[in-house]
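Working notes, beginning with the structure itself.
The values are calculated or read from the model by the stated rules, or taken from the named source; none is laboratory data. Keep in mind that this is a model prediction, so the values were computed, not measured. Quick reminder, even Gly has a Cβ in these numbers, built from the backbone with ideal geometry, and neighbours come from all protein chains shown. Calculation scope for accessible area: heavy atoms of the full protein, side chains included, ligands and nucleic acids excluded. Shrake-Rupley method; radii C 1.70, N 1.55, O 1.52, S 1.80 Å.
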Amino acid sequence: MLKPTLLPNTFILEGRMARIYTRSLTPGVAFFEQESAWKEGGVEYRELSPRHSKLAAALAKGCQRFGLQEGSHVLYLGASHGYTPSFVSDMVGAGGLVHCVEFSPVVMRDLVFVCEARANMSPILASAAQPREYAWRCAQVDVVFQDIAQRDQLGIFLRNVAMFLKSGGTGMLALKARSIDTSRRPDEIFRDIKRQLGERKDVTLIDYRELAPFEKDHAFFVVKKR
Ligand SMILES: C[S@@+](CC[C@H](N)C(=O)[O-])C[C@H]1O[C@@H](n2cnc3c(N)ncnc32)[C@H](O)[C@@H]1O
């Protein structure tokens, strides 16, 4: 029996190993090898793996604040082939919108097909480090989500939050410590990022999780824009 979670249209199937599912916006259509479906009461659900998605890993690690709601407009930075973005598309539903920013033309080829099948996803080929490049495509959003392996992950996230996130909106940063500095211990880097976010006047840190064992050396920071 599926039980609702704090994320919209997202459920847990309890068992020896709890599994996460979203209500599918595109029943009968699967895009990813690792995707499996579940039917209950005539509704199709798609399994979202915490081993392939930092958003799912944060949910599995007990994160309490996501800010995502049905109808939310989301700026998703580092959309890759569209795996997690397609689940965010299920979460926000047909009335929501997911702007998917990705700078690799190679993965964009797959992302475009996912976006074509989902009217609430829009692909943007651009670097998240240059938010002005896509300002004409993206109005103010309710949620900024970032998952990119860059040295300046925090700076890129904060620039996008400043430009696109509504006041009161939520920013989620999936941070990869090894991309920032391989010579420092990940927990030291996480503490440093926490401190930097804690000192800011434009955002408040509202949740924090380390993502191991699902993602080694990754942490998940959730902020609310003031
Ligand atoms: C870890 S993958 C994202 C996986 C995706 N979030 C998911 O869960 O399905 C990181 C992606 O960020 C992209 N990326 C890295 N730096 C970027 C940048 N500055 N702007 C846009 N995309 C970037 C990479 O090309 C890669 O596809």
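Place a label point 7 angstrom from the Cα of F32 along the Cα-to-Cβ direction, then list the residues of segment 191-221 whose backbone nitrogen is under 14 Å away.
Only 215 fall inside the zone, counting backbone N under 14 Å.
Pairs to check: K61/K216; K176/K225; K201/K225; K61/K225. Give those whose C-alpha atoms are more than 20 Å from each other in this structure.
Beyond 20 Å between Cα atoms: K176/K225; K61/K225.
So, in nm, how far is label L6 from label S104 when the simple model puts each one 7 Å beyond its Cα toward the Cβ?
Between L6 and S104, the simple spin-label model gives 3.0 nm.
Given the peptides 144-152, 168-176, arrange them by the average over their residues of other C-beta atoms within 10 Å, most packed first.
In descending order of packing, they fall as 168-176, 144-152.
In segment 2-48, how does Rg compare with the Kirkwood Rh, expressed as the Rg/Rh ratio over alpha carbon atoms?
Ratio of gyration radius to Kirkwood radius: 0.94.
Say each of R16 and R178 gets a label point 7 Å from the Cα, pointing the same way as Cα to Cβ; how far apart are those two points in nm?
My value for the distance between the label points is 3.0 nm.
Can you compute the FRET efficiency between A149 and V112 using 1/(1 + (r/R0)^6), with r the Cβ-Cβ distance and R0 = 25 Å? Round to the nearest 0.05.
Here the calculated transfer efficiency is 0.70.
With the other protein chains left in place, how much accessible area per residue, in square angstrom, belongs to segment 2-48 at a 1.4 angstrom probe?
Accessible surface, normalised per residue, equals 60 Å².
Take every DSSP beta bridge whose two residues both sit in the chain, then give the antiparallel share in percent to the nearest 5.
Bridges in the chain are about 60 percent antiparallel.
Out of every Cα-Cα pair in segment 105-226, what percent are more than 21 Å apart?
Roughly 44 percent, rounded to a whole number.
Rounded to the nearest whole Å³, what is the per residue volume of the convex hull around the Cα atoms of the chain? Please report the intermediate quantities before stating the final value.
Values: hull volume 26.2 nm³, N = 226.
Convex hull of Cα atoms, per residue: 116 Å³.
Summarise the long-distance tail of P(r) for segment 19-128 by giving the % of C-alpha pairs beyond 16 Å.
Pairs farther apart than 16 Å: 58 percent.
Can you spot the lysines whose alpha carbon is less than 19 Å from K39's alpha carbon? Ignore those fewer than 8 places along the same chain.
K3
Sequence gap at least 6, Cα distance under 8 Å: using those rules, report the relative contact order of segment 1-146 to the nearest whole percent.
Numbers: 270 pairs, mean separation 30.9, N = 146.
Worked out over segment 1-146, it gives 21 percent.
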